[in-house]
Structure formats: C-alpha cells, structure tokens
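Peer 1: Quick one: the structure is below, and I'll ask about it shortly.
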Amino acid sequence: KRVGGIAGCAMRAIGYSDMKPALKDVSFQGEIKGAERVGGIVGETDEATIDSAVADVNIIAMDGRVGGIVGFNDGRIANSRSKGTIVPGESDVNNVGGIAGESEGDVQMCVSTMDLVRYGYEFDEDVGGIVGDNNSDVDSCTNNGNISGGDSVGGIAGSSFYRGTIKS
C-alpha cells in the first residue's frame, strides 16, 4: 500500500492545516510493483501539490488506485507528464489512470502517453488516459496512450462521478 517512485505519501501535517506538502520539478524513471495506491511519483496525496513532475515508469498493479503520477490524489496535480506502461498483475485491478488512478483533487495541464493495457490479465473498471475515477476537475489535459479495460474506460476519464468535471 502507498507506493511511489519519490514518496509513498505526501500528506499534510496532522493538526497543522496550513502546512501542506509540495513536490515541484521532481522526476522518477524506473519500475514499480505495488498493491493499492501506487503512483509513478507519489502513492497517495492529502492536500499536497504536485507541480511539473515527470514519470517515465513501468508499473505492475496488484490492486486499485494506480496512476502514472499519483495513485490516489486528494490535492492538486499540475503541469506534469507521464509515459511508460501500467499493466495489471492480477485480476480485479481498477481505478487506473495515466496521471491519477483516483482523484478527489484537481488535475490541470497534464499530458500522458502511458499505455494502460492488458498483460495476461485485463483491468476491471474505471480506466482512463488521465484519471481512472474522477471526482474533481480535470482541465486542459491530453492523453496519447493506449487504454484497455473491462468496464468504464475512457480517453480522459474512465468514470466521472459526484462533482467531477472535465474541461478543455
């Protein structure tokens, strides 16, 4: 759980709501294998800002919430890009995205060329070129990767629920 190329978690300090982590101009290149909340840069964010991050990564996903930059985003991802592959290492892997696997925070001006494809197993559901399961704003993002999955598969978002919006 919570595996990232730079950090497993980027979370605000408990009791200090004004102290929010930020990662700027960071990059990771390599291979990652992990279960839930896996990202090329950070596994999970809590009110963190990821700005101008670059991930060139191949990820084997053993469970859900897997993204090229962040696995589970509850902060802001901006001006970032990802390339490489994400493949399922077993069945029932869902919430997979080229930038964020699941997002409850904003994703802005990001580009993904990641291939999210079958490799022995097929992704289950909520697979998107930018965000797998979107519950916030996706703005001015581009996907140029190949995507496949069982249900709720999209070029930008696999699913967009609750308060999720997608803008160009």
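The values are calculated or read from the model by the stated rules, or taken from the named source; none is laboratory data. Fair warning: this is a prediction, and the values are worked out from it, not measured in the lab. With ideal geometry, Cβ positions are generated from the backbone for all residues, glycine too; neighbour counts draw on all protein chains shown. Just so you know, the surface numbers come from the protein's heavy atoms only, side chains and all, with ligands and any DNA or RNA stripped out. Shrake-Rupley method; radii C 1.70, N 1.55, O 1.52, S 1.80 Å.
Peer 1: Residues being open to solvent by 80 Å² or more (accessible area, probe 1.4 Å) and either among the aliphatic types (A, V, I, L, M) or closer than 20 Å to residue 95 by Cβ (or both): count how many of those fall in the range 23-54.
Peer 2: 1
Peer 1: Of everything in the range 59-71, what is part of a strand (DSSP E or B) and under 15 Å from residue 129 (Cα atoms)? Give them in sequence order.
Peer 2: Within the range 59-71, 59, 66, 67, 70, 71 meet the criteria.
Peer 1: Right, another one. Of the residues that make up the range 145-160, is at least one in a strand (DSSP E or B) and under 21 Å from residue 32 (Cα atoms)? Full working, then the answer.
Peer 2: Step one: of the range 145-160, the residues in a strand (DSSP E or B) are 147, 151-154, 157-160.
Narrowing the set further to residues that are under 21 Å from residue 32 (Cα atoms) leaves 147.
Checked against the condition, which is being in a strand (DSSP E or B) and under 21 Å from residue 32 (Cα atoms), the range 145-160 yields at least one hit.
Peer 1: Something else about it: Test residue 77 against the criterion of being outside any loop (DSSP other than H, G, I, E, B), under 12 Å from the mean Cα position of the chain (by Cα) and not basic (Lys, Arg), and give yes or no.
Peer 2: Answer is yes for this residue.
Peer 1: Out of the range 134-160, which residues are under 14 Å from residue 65 (Cα atoms) and either surrounded by fewer than 20 Cβ atoms within 10 Å (Cβ to Cβ) or without any contact (Cβ under 8 Å) to a residue 40 or more places away in the chain (or both)?
Peer 2: If the condition is that a residue be under 14 Å from residue 65 (Cα atoms) and either surrounded by fewer than 20 Cβ atoms within 10 Å (Cβ to Cβ) or without any contact (Cβ under 8 Å) to a residue 40 or more places away in the chain (or both), then 134, 135, 159 are the ones that fit.
Peer 1: For the range 3-22: of the residues being assigned to a loop (DSSP other than H, G, I, E, B) and at pLDDT 95 or above, which is surrounded by the fewest Cβ atoms within 10 Å (Cβ to Cβ)?
Peer 2: Filtering the range 3-22 for residues assigned to a loop (DSSP other than H, G, I, E, B) gives 5-6, 12-21.
Adding the requirement that they be at pLDDT 95 or above leaves 5-6.
Values: 5: 24, 6: 17.
Among them, the one singled out is 6.
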